[in-house]
Amino acid sequence: MRTESVGTPPDEVVDCLGQRCPLPVIAAARRLVALPVGAVLRVLADDPAAAVDIPAWCRMRGQELVATSTVDGSPAYDIRRVH
Amino acid sequence: MLAALEDGWADPAKLYSQARRARQLLDAARAAAAEVLRVRPDELSFTPSGTAAAHAAVLGGLAGRRRAGSTLVHSAIEHSAVLHAAQRHVTAGGTTTSVPVDRAGRLDLDAWSAAVAAPGVALAALISASHEVGTLQPVAEAARACDAAGVPLYVDAAQSVGRVPVPEGWSVLSASAHKWGGPPGVGILVVRKGTRWESPYPADDREAGRVPGVPNLPAIVAAVAALRAATAEAEAEAARLAPLVERIRTVVPATVPDVEVVGDPVDRLPHLVTFSCLYVDGEALLHALDRRGFAVSSGSSCTSSTLRPSHVLEAMGVLSHGNIRISLHRDSTEAEVERFLAELPGIVAALRAEAGVVGL
Ligand SMILES: Cc1ncc(COP(=O)(O)O)c(C=O)c1O
């Protein structure tokens with residue numbers, strides 16, 4: 001599932017390392033709406049539940065999970081604001 | 001039952017008269033359980049739990065087929081009892097293939113068929129219905145694929161026995177008495193005639209050599225009485241509970257914003273319903289419900305000792321936080337369900353307000 005970090009750098013990064021779900025999902029939701037449509041938010045989250053909940057949140061909210069990768073040894077989720 | 005308590009202390013394997021009486025009670029219990037499961041009495045053994053039965057099913061099924069191979073194929077949503085036995089197999093040098101499920105928690109039959117047809121498969125394990133989300137598994141189709149590949153199928157039927165019929169075609173089956181309303185500490189292991197199964201335990205003659213130790217006769221007699229009662233009432237009970245589950249499945253997403261009801265909407269157990277509330281901490285929700293007198297479970301990681309999300313919700317790709325599982329039983333009433341439905345929206349709203357996530 002996890003690929004090495006590729007392509008375009010994100011427009012913004014939110015660091016949720018050490019936080020337990022649902023906190024990383026809440027942080028992602030808060031920050032994404034502050035960005036313009038089309039922008040990409042990177043969420044750094046090492047709670048194993050984030051690997052399930054961030055993709056599920058994107059699906060429920062109709063936002064796009066562009067990539068999951070490893071950045072400096074931590075899981076990173078890149079989300080594009082679609083609407 | 002009283003007879004079992006009176007003579008149940010006696011060892012059914014001995015020859016004094018109480019022991020002979022104990023033997024008769026055990027035989028009668030075995031015959032009655034076998035009749036319910038439509039198997040031969042000599043195919044059925046009592047175990048100290050559903051977990052012990054699952055361990056014996058997996059490890060014994062693998063041991064009996066070690067010449068055929070060392071791969072265990074299992075669904076991604078097996079009970080931890082099966083997965084822990086699988087881990088033991090891997091530690092001992094064996095391999096496993098985990099077969100995915102879809103978003104509704106239903107086995108991917110194409111992947112399953114390919115996995116069991118691969119070379120070196122000793123055993124395949126499939127849960128009859130998910131214990132976390134209630135989705136019934138395509139056991140008959142999975143059994144046909146196993147049959148075509150010449151691989152025995154083990155079905156963990158703990159969630160189905162005493163509630164819904166278990167499809168045919170399996171070679172090994174396990175069940176758990178407290179799941180059908182019997183006492184804890186009794187499980188059932190069935191090994192069909194002709195199945196290559198070898199006890200994973202040190203030698204012992206009890207229970208046809210399948211389960212070591214003197215069986216707990218009073219609990220077994222009670223378990224079988226409960227099994228007969230549950231089976232006799234299963235259809236009526238399903239007809240009573242399924243509409244309550246359906247009501248929860250439709251009312252909760254209509255009255256609570258941002259809820260994901262999970263599991264197959266149609267092919268499901270009649271008594272179990274699971275949903276996840278976005279942005280809500282599962283443990284906080286569990287405690288809030290408990291304070292209002294609702295005993296429910298959760299697959300959220302914050303409520304587990306492992307701090308990992310439920311492997312079942314993970315395999316389905318559904319929201320794992322804010323997760324609630326409701327298991328209805330004989331004493332659950334419509335009034336209770338209605339009170340739950342009336343109180344849940346306020347409870348979730350209060351937790352979301354506290355976390356400052358309203359309108360996100
Ligand atoms: C599907 C399934 N398998 C196995 C078990 C284990 O049974 P027991 O609790 O009797 O050990 C359970 C119950 O927890 C279960 O739901």
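Read-outs throughout are calculated quantities, based only on the coordinates presented, and are distinct from any laboratory measurement. The shown structure was predicted, so the numbers you read here are calculated from the model rather than taken from an experiment. Please note: Cβ atoms are built from the backbone with ideal geometry, for glycine as well, and neighbour counts cover all protein chains shown.
Mean per-residue shielding of peptide A:13-22 is 3, counting Cβ atoms of other chains within 10 Å of each Cβ.
Short-range pairs are left out: with C-alpha atoms under 8 Å and at least six residues apart, the relative contact order of segment A:2-80 is 37 percent. Mean partner shielding of peptide B:309-319, defined as the number of other chain Cβ atoms within 10 Å of each residue Cβ, is 4.
Compared with the direct C-alpha span, the chain from B:LEU307 to B:VAL261 gains 14.3 nm at full extension, assuming 0.36 nm per residue.
Taking every pair of Cα atoms in chain B, average 1/r, invert it to obtain the Kirkwood radius, and report Rg/Rh to two decimals.
Across chain B, the Cα-based Rg/Rh ratio is 1.00.
Output the Kirkwood hydrodynamic radius of segment B:119-268, Cα pairs only, in Å rounded to one decimal.
Details: mean 1/r = 0.0569 Å⁻¹.
By the Kirkwood definition, the hydrodynamic radius is 17.6 Å.
Residue-wise HN-Hα couplings along segment B:268-285, as the Karplus relation 6.51 cos²θ - 1.76 cosθ + 1.60 with θ = phi - 60° gives them from phi, are 8, 5, x, 10, 10, 9, 9, 8, 10, 10, 4, 6, 9, 6, x, 5, 4, 5 Hz; Gly and Pro carry x. Listing B:VAL121, A:VAL82 from fewest to most neighbouring C-beta atoms within 10 Å gives A:VAL82, B:VAL121. Amide H contacts of B:ARG268 (H built 1.01 Å from N, in plane; Pro and chain starts excluded): B:LEU136 sit under 5 Å, all sequence-distant by 5 or more or on other chains. With N the number of residues in the protein assembly as shown, Rg(Cα) / (2.2 N^0.38 Å) evaluates to 1.08.
Amide H to amide H, with H built 1.01 Å from N, B:SER310 comes under 5 Å of B:SER301, counting only residues 5 or more places away or on other chains. The long axis of helix B:50-64 is offset from the longest Cα principal axis of chain B by roughly 60 degrees. Residues in segment A:47-52 carry Karplus couplings, in order, of 5, x, 5, 5, 5, 9 Hz; the curve used is 6.51 cos²θ - 1.76 cosθ + 1.60 with θ = phi - 60°, and Gly or Pro positions show x. Summarised as an ellipsoid, segment A:2-80 has semi-axes of 16, 15, 11 Å, derived from the eigenvalues of the Cα gyration tensor scaled by 5 and square-rooted, with the largest first.
Working from Cα pairs under 8 Å separated by at least six residues, relative contact order for segment B:277-360 is 35 percent. Applying 0.36 nm per residue to the separation of B:ALA239 and B:LYS193 and subtracting their alpha-carbon distance, the gain on full extension is 13.1 nm. The slack in the chain from B:SER17 to B:THR333, taken as 0.36 nm per residue of separation less the alpha-carbon distance, amounts to 109.2 nm. Couplings 3J(HN,Hα) of segment B:196-211, computed from phi: 7, 9, 10, 4, x, 9, x, 4, 6, 7, 4, 6, 6, x, 9, 9 Hz, in residue order, whole Hz [Karplus 6.51 cos²θ - 1.76 cosθ + 1.60, θ = phi - 60°; x for Gly and Pro]. Residue order for B:CYS146, A:CYS58, fewest other beta carbons within 10 angstrom first, comes to A:CYS58, B:CYS146. In chain B, the DSSP-assigned H stretches of four residues or longer account for a calculated mean residue ellipticity at 222 nm of -14000 deg cm²/dmol, using -39500 (n - 2.57) per stretch and the full residue count as denominator. The residues B:MET316, A:MET60, when put in order of fewest to most other Cβ atoms within 10 Å, stand as A:MET60, B:MET316. Mean separation of Cα pairs under 8 Å and 6 or more residues apart, divided by the residue count, gives chain B a relative contact order of 17 percent.
Given R0 = 22 Å, the distance between the Cβ atoms of A:VAL33 and B:ARG103 translates into a calculated FRET efficiency of 0.25.
DSSP beta bridges fully contained in segment A:2-80 are about 65 percent antiparallel. Shielding value for A:26-32 is 3, the average number of Cβ atoms from other chains within 10 Å of each residue's Cβ. Annotation for B:ARG247 and A:HIS83: the two label points, set 7 Å from Cα along the Cα-Cβ direction, are 3.4 nm apart. Computed from label points 7 Å out along Cα-Cβ, the spacing between B:GLU354 and B:VAL214 is 5.1 nm.
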